[in-house]
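Just below is one structure, and these are the notes that go with it.
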Amino acid sequence: MSSNRESALRQIERLRKEIDRHDYLYYVTADPEITDQQYDALMRQLIELEYEFPDLVSPGSPTQRVGGEPLGSFSQVTHATPMLSLANCYNIDELYDFDRRIRELYDGEPEYVCELKIDGVSAALTYRNHTLTTGATRGDGRIGDEITGNLRTIRSIPLSAPDDMPPDLEVRGEVYFTRREFDAMNTQREIDGLKPFMNPRNAAAGTLKILDSREVAKRPLSFFAYGMIGEGLNMKSQSEILETLKSARFPTNPNWRVCSGLSDVEAYLDRWDADRYELPYETDGVVIKLNDISWWERLGATAKNPRWSIAYKFSTEKALTRLLSVDWQVGRTGAVTPVANLEPVLLLGTVVKRATLHNEDEIERLGIRTGDWVEIEKGGEIIPKVNRFLADKRPEDTEPIEFPTRCPECGSELVRDEAEVVRRCSNWDCPAQITGRIRHFASRGAMDIEGLGGKTVEAIVAAGIVKDAGDLYSITKSQIESLPGMAEISAENLIGGIEDSKVKMFDRLLFGLGIRHVGIGVARIIAAEYKDLDSLEQAPEEELQQTPEVGAVITESIKQFFAFEPNIRLISKLKEAGMIGRTEHDERSSQHLKGKIFVLTGSLKNFSRESAGDEIRIRGGRVTSSVSKKTDFVIAGANPGSKYKKADKLDVKVLDEKRFVDLLSK
Ligand code: IVH
């Protein structure tokens with residue numbers, strides 16, 4: 001009997017090794033040597049032997065991957081080494097800050113390892129005497145849940161560590177679902193009448209929380225190892241860790257790379273930002289780690305995050321969140337548009353709480369109700385928009401979105417033009433419209449009046465100090481000081497800003513008037529032809545129509561504008577204030593920057609971005625937002641961003657403020 005038992009033990013050990021190897025070949029290298037039937041046969045043999053000799057069953061046996069008795073609750077484990085999380089960054093500038101902080105301390109040129117940031121749940125695997133004994137979640141970083149049984153079901157996680165590894169070893173990594181398994185699981189859930197999971201990460205987190213590991217075993221989770229702790233390991237670098245993990249048969253993500261500088265890192269980010277959609281799993285960014293481990297301890301950590309690593313998050317153009325309520329906003333033209341109030345959600349690196357809901361027709365077409373889960377998206381516009389609602393996630397307590405019939409600001413009847421999709425407030429004196437018109441006039445792209453932000457406009461309109469932009473020029477300091485929250489300094493600042501605006505370029509003034517169809521582009525063209533308000537007003541219709549880009553529609557709109565009573569009052573106030581707009585386009589400026597392309601970065605002492613742009617444009621130059629080979633000059637003020645570095649890389653000429661002024665006055 002005992003020899004029988006001994007031979008059974010030998011056979012069991014052989015079978016376990018063999019099955020482990022085939023698990024590795026199948027689940028880690030994706031290069032199996034045997035068929036599924038052959039594998040099943042090996043497993044059956046092992047199950048039978050363990051059945052016959054139940055005392056030989058051990059947690060390290062592949063038969064244990066199918067899960068065991070459900071738990072009442074998870075026990076807690078204290079992480080011997082805390083599981084920190086990483087600080088996030090969302091753009092290259094923040095990455096340069098990270099690099100700079102390291103360089104302040106680090107001797108020499110830091111080398112970084114870039115790894116894909118797998119969108120899953122982190123886990124710690126403890127091997128004692130080379131056998132997987134404990135698996136835990138991160139928890140709060142110090143104490144996590146013991147989920148050994150659940151982690152054992154993950155076929156790519158080795159149940160034992162090789163002999164050449166330290167007997168006591170901790171391996172850390174990410175548990176995740178592949179897109180395929182995630183989709184399959186959600187389809188099944190829908191068939192079963194269960195709520196589908198939002199994304200693979202939620203699905204992984206939800207699965208690891210299940211107390212019945214047999215249920216977990218039915219959901220094929222995956223794992224990538226990225227860290228390792230153990231006495232006697234003496235790892236010198238993160239790249240060595242990843243190589244060692246791989247040779248110890250842990251699944252590692254193959255797409256990591258050693259980068260010798262930030263330009264290599266940037267190339268890696270660019271590549272995976274584009275290629276991530278081709279991957280069989282989801283990645284939400286890149287983890288950048290200082291390769292040299294000897295510095296990890298020296299650099300240390302803040303309360304939560306290590307200083308030697310950072311997570312660069314890819315921008316998500318889309319996000320899902322709840323629609324809480326809808327506000328109706330009255331714009332400067334009286335158009336009443338719906339704005340969605342959302343449960344705050346991260347999108348392209350900013351927290352989004354509001355999004356546009358387009359218009360009434362679109363709401364009806366989409367069928368959205370308040371309380372719905374909605375997909376939001378940020379495109380080229382600054383304000384994100386609501387794309388659709390998720391029908392399969394509609395909660396029970398949604399409510400229809402109600403369309404207003406009266407202006408939410410002034411109570412007057414709303415009118416809807418047959419041809420239009422919007423309802424408009426028809427009251428020219430509606431405070432929301434007045435505010436909107438003045439805000440537009442003062443905005444950066446128009447008159448760029450310093451000190452006159454949205455809140456201030458609201459305050460001066462509410463106080464009845466101004467009714468139109470023309471009234472700005474007769475505001476007194478004491479009127480502003482009487483407003484709550486306005487100190488003497490800000491009043492002075494505002495008066496100064498208004499005064500300065502009198503000499504702004506005519507194209508800005510024209511655009512600021514808010515004439516329908518006259519954007520800044522058209523305004524520039526018109527301002528080049530007609531030097532001031534008078535000449536434009538008196539321009540014969542046929543002549544105006546002949547101006548490039550200005551056809552019958554724009555001409556009609558301009559004529560209507562000047563004929564409308566409230567605008568006549570506005571124009572006369574502006575003229576009285578001496579506002580005719582600066583028109584040195586042709587006279588003063590030589591066109592010596594004609595055809596030259598500029599990019600502005602950092603802050604200039606004597607110019608705002610807008611005024612620097614104006615100075616370039618009146619001399620014939622152009623301003624663009626990103627540096628390329630076509631860029632002629634980068635104007636770098638204080639604290640320039642990554643554009644400066646890009647210019648350096650592309651050998652584009654960089655001018656400081658002094659040399660910029662020299663160039664302007666040539
Ligand atoms: S390193 C202190 N590497 O991202 C170092 N994390 O906060 C901690 N993650 O909690 C983690 N892929 O869940 C690291 N290749 C990777 C990763 C990765 C995904 C997750 C992990 C961590 C979070 C960062």
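The values are calculated or read from the model by the stated rules, or taken from the named source; none is laboratory data. Not measured: the values here are computed from a predicted model. Note that we place each Cβ from the backbone using ideal geometry, even for glycine, and neighbour counts take in every protein chain shown.
Right, Thr337: over 19 Å from the mean Cα position of the chain (by Cα) and polar (S, T, N, Q) or not?
Spelling it out, Thr337 is indeed over 19 Å from the mean Cα position of the chain (by Cα) and polar (S, T, N, Q).
Mind checking which residues of the stretch 440-492 are modelled with pLDDT of 90 or more, in a loop (DSSP other than H, G, I, E, B) and of a type in the set (Gly, Ala, Ser)?
If the condition is that a residue be modelled with pLDDT of 90 or more, in a loop (DSSP other than H, G, I, E, B) and of a type in the set (Gly, Ala, Ser), then Ser443, Ala446, Ala463, Gly464 are the ones that fit.
Note down all Cβ pairs under 6 Å where the first residue falls in the stretch 199-222 and is modelled with pLDDT under 95, the second is among the acidic types (Asp, Glu) and assigned to a loop (DSSP other than H, G, I, E, B), and they're at least six residues apart or on different chains.
Filtered contacts from the stretch 199-222: Pro200/Glu282; Arg201/Asp119.
For residues that are more than 14 Å from the ligand (Cβ to nearest atom), among the small types (Gly, Ala, Ser) and in contact with a Ser or Thr (Cβ under 7 Å, 6 or more places away or on another chain), tally how many sit in the stretch 213-234.
So the count comes out to 2.
So Leu208 passes all but one of these: (1) in contact with a Ser or Thr (Cβ under 7 Å, 6 or more places away or on another chain); (2) closer than 22 Å to Phe389 by Cβ. Which condition number does it fail?
Condition (2) is where Leu208 drops out.
Out of contact with any Pro (no Cβ under 7 Å at 6 or more places or on another chain), buried (at least 21 other Cβ atoms within 10 Å of the Cβ) and farther than 20 Å from Leu84 by Cβ: is that true of Ile147 in this structure?
no
Filter the stretch 589-607 for residues that are among the hydroxyl-bearing types (Ser, Thr, Tyr) and either surrounded by fewer than 14 Cβ atoms within 10 Å (Cβ to Cβ) or closer than 15 Å to Arg659 by Cα (or both) and give the result.
Ser590, Thr601, Ser603
Which of the following residues is touching a helix residue (DSSP H, G or I) at 6+ places or on another chain (Cβ under 9 Å), of a type in the set (A, V, I, L, M, F, W, C), within 16 Å of the ligand (Cβ to nearest atom) and not in a strand (DSSP E or B): Val286, Val265, Val258? Before the answer, list the steps.
Details: Val286 fails: not in a strand (DSSP E or B); Val258 fails: not in a strand (DSSP E or B).
Every option except Val265 fails the conditions.
Starting from residues that are within 13 Å of the ligand (Cβ to nearest atom) and either aliphatic (A, V, I, L, M) or farther than 13 Å from Ser156 by Cβ (or both), keep the ones in the stretch 245-255 and report whichever is surrounded by the most Cβ atoms within 10 Å (Cβ to Cβ).
Leu245
Among Val265, Val336, Val345, Val351, which is the only one that is closer than 29 Å to Ser426 by Cβ and of a type outside the set (D, E, K, R)?
After applying the criteria, what remains is Val336.
Which of (1) modelled with pLDDT of 95 or more; (2) away from the ligand (no atom under 13 Å from the Cβ); (3) farther than 23 Å from Thr148 by Cβ does Leu242 not meet, given it meets every other one?
With respect to (1) modelled with pLDDT of 95 or more; (2) away from the ligand (no atom under 13 Å from the Cβ); (3) farther than 23 Å from Thr148 by Cβ, Leu242 is out only on (2).
Hey, can you tell me all the residues within the stretch 348-368 that are over 30 Å from Cys89 (Cα atoms) and of a type in the set (Val, Ile, Thr)?
Within the stretch 348-368, Ile363, Ile368 qualify.
Are any residues in the stretch 105-139 charged (D, E, K, R) and either closer than 16 Å to Ser309 by Cβ or in contact (Cβ under 8 Å) with a residue 24 or more places away in the chain (or both), and if so, which ones?
Hits for the stretch 105-139 are Glu109, Glu111, Glu115, Lys117, Asp119, Arg128, Arg138.
Would you please name the residue that is farthest from the chain's Cα centre (by Cα), looking only at residues in the stretch 200-212 that are of a type outside the set (D, E, K, R) and more than 16 Å from the ligand (Cβ to nearest atom)?
Narrowing the stretch 200-212 to residues of a type outside the set (D, E, K, R): 200, 202-208, 210-211.
So of that shortlist, the ones also more than 16 Å from the ligand (Cβ to nearest atom) come out as 210-211.
On the way: Ile210: 31, Leu211: 35 Å.
Checked the stretch 200-212; the qualifying residue farthest from the chain's Cα centre (by Cα) is Leu211.
Need pairs with beta-carbon distance below 6 Å; first residue surrounded by 13 or more Cβ atoms within 10 Å (Cβ to Cβ) and within the stretch 459-481, second among the small types (Gly, Ala, Ser) and part of a loop (DSSP other than H, G, I, E, B); sequence gap 6+ or separate chains.
Hits for this filter: Tyr473/Ala577.
Going by what's in this entry, would Pro167 be described as away from the ligand (no atom under 16 Å from the Cβ), more than 20 Å from Asp23 (Cβ to Cβ) and surrounded by fewer than 19 Cβ atoms within 10 Å (Cβ to Cβ)?
Yes; evaluated as a whole, the condition is true for this residue.
Answer yes or no: is there a residue in the stretch 368-385 that is in contact with a Pro (Cβ under 7 Å, 6 or more places away or on another chain), modelled with pLDDT under 90, surrounded by 15 or more Cβ atoms within 10 Å (Cβ to Cβ) and assigned to a loop (DSSP other than H, G, I, E, B).
Applying the first criterion (in contact with a Pro (Cβ under 7 Å, 6 or more places away or on another chain)) to the stretch 368-385 yields 369, 371, 376-378.
Checking the rest, the ones that are also modelled with pLDDT under 90 come to 377-378.
Applying the additional criterion that residues be surrounded by 15 or more Cβ atoms within 10 Å (Cβ to Cβ) yields 377-378.
Then drop every residue that is not assigned to a loop (DSSP other than H, G, I, E, B), which leaves 378.
The answer is yes, given that some residue of the stretch 368-385 is in contact with a Pro (Cβ under 7 Å, 6 or more places away or on another chain), modelled with pLDDT under 90, surrounded by 15 or more Cβ atoms within 10 Å (Cβ to Cβ) and assigned to a loop (DSSP other than H, G, I, E, B).
Taking the stretch 100-144 as the search range and keeping residues that are assigned to a loop (DSSP other than H, G, I, E, B), within 14 Å of the ligand (Cβ to nearest atom) and not small (Gly, Ala, Ser), which one is farthest from the chain's Cα centre (by Cα)?
That would be Arg142.
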